[in-house]
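Trainee: Just passing along the structure, written as structure tokens.
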Amino acid sequence: MTYFGDEKFALIAAIFCLGGLVIRWRQWPIKYWLALGSLIIYAGVFGADFQHLAVSLVFLAFQYGLIQYQFRHPEFKWTVYLSFLPLVLAKLHEIWPIYSFGFVGISYLSFKVVQILLETQDGLIKEMSLVDYLSFLLFFPVVSAGPIDRSKRFVADTEKILDWKDYWELLGLGSYRLLLGAVYKFVIAAVIFKWLSALQVGNYFYYLIKYAYGYTFYLFFDFAGYSLMAVGLSNLLGIETPMNFKQPFLAIDIKDFWNRWHISLSQWLRDFVFSRVMMNFIRHKRFKTRLNRAMAAYMANMLFMGFWHGFSFHYILYGCYHGVLMAGFEAYQKKSKFYKKYKNHSLYKLVSWAVTLQLVVLGMFIFSNKFPEVVGKWLGFGQG
């Protein structure tokens, strides 16, 4: 069984959604039902793979131990670094394939744990029960690929007793999102993937252009489709998981793009990487100006994002590329008189949108791991 990948998952998810509907109708607490359903589906996904099941259980126990230790010692900062250790070991497998410590969803689960730890250090979270921990981390609609929810918001939803009218509206919205996501992922993305697979090289330059645009739109419909289904399934259970995409290809600049693309990741990075790097720079008086601090923080933020995706060269290059774009645009916004004069003009917005789209497509091309192949051909590798 795989998440959103076969009939068995669909059947079990449907059963738990029907049970959730009864619980919401009766206005009973739903958190225990969510924890039970998520554990059963989790066991179904990993049940035939003892190695990854064992690794994931050790991961869950280790992280829960860190969280409980953090509650008792909120001043201790090293828990965050320790919590990243399993993820680092999993990512190292990409470049040093000796033993795999990875399993489905480890990147997203790690970010959820780090959010709990950091907000505990900040005094925002005082306690978390085992049931809340398991239902939050393993919530089956989002466990494999997000969206990345926040623990306080999620737990509040599990404890909320919804008015039947409010739940009925959420039920309708969730059904719509679930169906639309399925069309995105299983119809549109599948058609684009088939087209990509059939692409003939011919003129290599035109092939790369077609591939870059095709991959960009394939990735959007595949990932946005999954995210819509995850949000829709959450809504059926009365959980208002945040949306992950907001028409990203209409972005008029690169900051606007990251406010529309993989929104839960962008907001997580903003709150737990960028803002904290900035505070560190200010506290230790690094760099002479706020602009230089912001540019450096954007570079660190996006490089962190690249490493989070993986330790392979193209992921790191992707993070570096977007770091340069974000830092460069920050300087352009703050320093350019041309930008300040024309930023609200329609023609400027149109040109800015067109340029942003090309930059996004180039970034997706790098993300697709085609870039090393192109560089190799330019340098004459692999010929003859």
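Trainee: Around Phe329, with a cut-off of 9 angstrom between Cβ atoms, what is the net charge of the other residues, counting Lys and Arg +1 and Asp and Glu -1?
Mentor: Numbers: positive: Lys255; negative: Asp253, Glu330.
Net charge in that neighbourhood comes out at -1.
Trainee: By the gyration tensor of its Cα atoms, with a ≥ b ≥ c the square roots of the eigenvalues, what is the shape of segment 14-74: rounded for a/c under 1.5, prolate for a/b over b/c, or oblate? Walk me through the numbers on the way to the answer.
Mentor: Details: a/c = 6.35, a/b = 1.33, b/c = 4.77.
Here segment 14-74 falls in the oblate category.
Trainee: Counting only GluC sites (Glu not before Pro) that are in a DSSP loop and have at most 11 other C-beta atoms within 10 Å, tell me the longest site-free stretch of the chain. Working shown, then result.
Mentor: On the way: sites that count: Glu75, Glu127.
The reported range is 128-384.
Trainee: Which value, in Å³ per residue, describes the convex hull spanned by the Cα atoms of segment 230-300? It would help to have the intermediate numbers written out before the result.
Mentor: On the way: hull volume 6.6 nm³, N = 71.
Looking at segment 230-300, the number lands at 92 Å³ per residue.
Trainee: Still on this structure: Hey, can you find the accessible area per residue of the chain for me, probe 1.4 Å, expressed in square angstrom? List each step's numbers first, then the result.
Mentor: On the way: 19280 Å² over 384 residues.
Roughly 50 Å² per residue, with all protein chains present.
Trainee: Run the reach check for Lys370 against lysines, Cα to Cα strictly under 24 Å, same-chain hits fewer than 8 apart removed. What comes back?
Mentor: Answer for Lys370, where 24 Å is the Cα cut-off: Lys91, Lys185, Lys194, Lys210, listed by chain and number.
Trainee: Name the helices (complete DSSP H segments) of the chain with a Cα length along the long axis of 24 Å or more and a Kyte-Doolittle mean of at least -0.5, or state none.
Mentor: Details: long enough: 7-26 (28 Å, 1.23); 50-72 (33 Å, 0.76); 164-183 (28 Å, 0.35); 204-236 (47 Å, 0.73); 290-309 (29 Å, 0.31); 313-335 (33 Å, 0.10); 346-367 (31 Å, 1.70).
Once both thresholds are applied, what remains is 7-26, 50-72, 164-183, 204-236, 290-309, 313-335, 346-367.
Trainee: Here's a follow-up. Restricting to Cα pairs below 8 Å that are 6+ residues apart, what does the relative contact order work out to for the chain? Please round to a whole percent.
Mentor: Numbers: 453 pairs, mean separation 58.2, N = 384.
In percent, rounded to a whole number, it is 15.
Trainee: Within segment 281-384, which trypsin sites (Lys or Arg not before Pro) sit in a loop by DSSP and count at most 10 neighbouring Cβ atoms inside 10 Å?
Mentor: Details: sites: Arg283, Lys285, Arg286, Lys288, Arg290, Arg293, Lys334, Lys335, Lys337, Lys340, Lys341, Lys343, Lys349, Lys370, Lys377; in loops: Lys285, Arg286, Lys288, Lys343, Lys370.
Passing both the DSSP loop test and the Cβ count: Lys285, Lys288.
Trainee: Let me ask you something else. Not counting ligands, DNA or RNA, and with a 1.4 Å probe, what is Asp222's accessible surface area in Å² rounded to the nearest 10?
Mentor: Approximately 40 Å² of Asp222 is accessible to the 1.4 Å probe.
Trainee: Which aspartates and glutamates, on any chain, are close to Lys152 with Cα under 13 Å apart, when same-chain ones fewer than 8 places away are left out?
Mentor: Straight-line reach from Lys152, under 13 Å: Glu119, Glu127, Asp132, Glu240.
Trainee: Net charge around Tyr211, counting only other residues with Cβ within less than 15 Å of its Cβ (Lys, Arg = +1; Asp, Glu = -1)? Walk me through the numbers before you get to the answer.
Mentor: Working: positive: Lys194, Lys210, Lys370, Lys377; negative: Glu373.
Surrounding charge for Tyr211 is +3.
Trainee: Any idea which of Ala297, Leu208, His262 is furthest toward the positive side of the dipole for the chain, if Lys and Arg beta-carbons carry +1 and Asp and Glu beta-carbons -1?
Mentor: Towards the positive end, the residue furthest out is Ala297.
Trainee: For segment 222-353, evaluate the Debye formula with one uniform point scatterer on each Cα (no solvent term) and list log10 I(q)/I(0) at q = 0.18, 0.22 Å⁻¹, rounded to two decimals.
Mentor: Evaluating at q = 0.18, 0.22 Å⁻¹ gives log10 I(q)/I(0) of -1.10, -1.30.
Trainee: Can you give me the relative contact order of segment 107-216 as a percent, contacts being Cα pairs under 8 Å and 6 or more apart? Before the final figure, lay out each step's value.
Mentor: Details: 37 pairs, mean separation 23.7, N = 110.
Relative contact order of segment 107-216: 22 percent.
Trainee: Carbon-plus-sulfur fraction of the accessible area of segment 49-181, 1.4 Å probe, in percent? If you can, show how the numbers build up before the last one.
Mentor: Details: 4310 of 6270 Å².
That share works out to 69 percent.
Trainee: Compute, for segment 238-369, the length of the dipole vector about the Cα centre, with Cβ point charges of +1 (Lys, Arg) and -1 (Asp, Glu) only. Units Debye, rounded to 20. Provide the component values of the computation, followed by the final result.
Mentor: Details: 18 positive and 5 negative charges, 182 e Å.
Charge dipole of segment 238-369: 880 debye, to the nearest 20.
Trainee: To make sure I understand the rule: partners must be lysines, Cα under 28 Å from the Cα of Lys340, and not fewer than 8 residues away in the same chain. Which ones qualify?
Mentor: Lys246, Lys255, Lys288, Lys349
Trainee: Would you check the accessible area of Ser227, probe 1.4 Å, heavy atoms only, in square angstrom rounded to 10?
Mentor: Counting only protein heavy atoms, the figure is 0 Å².
Trainee: Could you pull the accessible area for Val191 with a 1.4 Å probe, rounded to 10 Å²?
Mentor: 100 Å²
Trainee: How are the C-alpha pair distances of the chain spread across 10 Å bins, as whole percents from the shortest bin up?
Mentor: Percent of pairs per bin, in order: 5, 19, 30, 27, 15, 4, 0, 0.
The values are calculated or read from the model by the stated rules, or taken from the named source; none is laboratory data. These numbers come from a predicted model, not from an experiment. Cβ: placed from backbone, ideal geometry, glycine included. Neighbour counts: every protein chain shown. Surface accessibility is based on the protein's heavy atoms, side chains included, excluding ligands, DNA and RNA. Shrake-Rupley method; radii C 1.70, N 1.55, O 1.52, S 1.80 Å.
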